[in-house]
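The next block holds one structure in the form of structure tokens; read it before the comments.
Each value in this text was obtained by applying a stated rule to the coordinates, not by laboratory testing. What you see is a predicted model, and the numbers here were worked out from it, not measured in a lab. Methodologically, a virtual Cβ is constructed for each residue, glycine included, from the backbone with ideal geometry; neighbour enumeration extends over all protein chains shown.
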Amino acid sequence: MHLIKITGLWREAQTGGGIHLDQKTCSSFLLGLLLFGLSLFGIQFAMATEEPSYRILEQSEPFEIRQYDPLIVAQVEVSGDLSEASSAGFRLIADYIFGNNISVQKGSPSITEPVPEKIAMTIPVIAESKTDQASWFIQFVMPKQYRLDTLPKPNNPQVKLVQVGAQKMAVIRFSGFVGEDKLQEKTQALTEWIKSKNGVMVGSARLARYNPPWSLPWTRRNEILIPVQ
């Protein structure tokens, strides 16, 4: 509805209907309209895309305790800071799911005649820092329709398919862009909440991002997850 109203104002300005915009204002108006449309697309993208199954065991905004079902991830290890590793890791795994693989589904030709298989994109994209802080694991969760033995085999040896068992996770949810300072801030807040409940952490923090990169800050869904007993 808001987009329709904005479009109507733009048309009125074009046709001289009482609103007069100079060239600079028109350019800013169009940019705002474009960003608004992309943000709406980002929301729809997140709503329409498969994500891991979980049950909420406890909730105290912005915190939750969740019980996750078993899942499979495609994972790469990449070096660099959060931004560099996220970009490099995303490209490597996107290359895998978009067809740089060999299908193992029934009816596929033998290995001498490899056939690629496209895999649906899911959310979130997960980043987990290694203990040396110099490299990261970047992960895509694989669609629920697959088992480990039915997923296409990666052509790139950097891409690993990993079975992850059921996990209980403490979670903090927030919006906006995420740099390493924000990551540290939210991880500390979640850690303190876990300790306040006498919880026991059994793994390292990981960052989960749910939106495409063009999403506006306030539409973004980000989470820090820490495994707990």
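Here are a few things to note about the model shown:
- Value of relative contact order over the range 108-229, rounded to a whole percent, pairs C-alpha under 8 Å and six or more apart: 29
- Straight Cα distances below 13 angstrom link Lys182 to the aspartates and glutamates Glu223, with same-chain residues fewer than 8 positions distant left out.
- Each of Ser60 and Trp218 was given a label point 7 Å from its Cα along the Cα-to-Cβ line. The distance between the two points is 2.9 nm.
- Contact order relative to length of the range 72-164, as percent, for alpha carbon pairs under 8 angstrom and 6 or more apart: 45
- Database remark: amide H of Val228 closer than 5 angstrom to the amide H of Lys168, Met169, Ala170, Val202 (H placed geometrically; neighbours at sequence offset of 5 or more, or on other chains; Pro and chain starts carry no H).
- Ranked for footprinting exposure by Cβ neighbours inside 10 Å, fewest first, Ser204, Ser215, Ser83 give Ser83, Ser204, Ser215.
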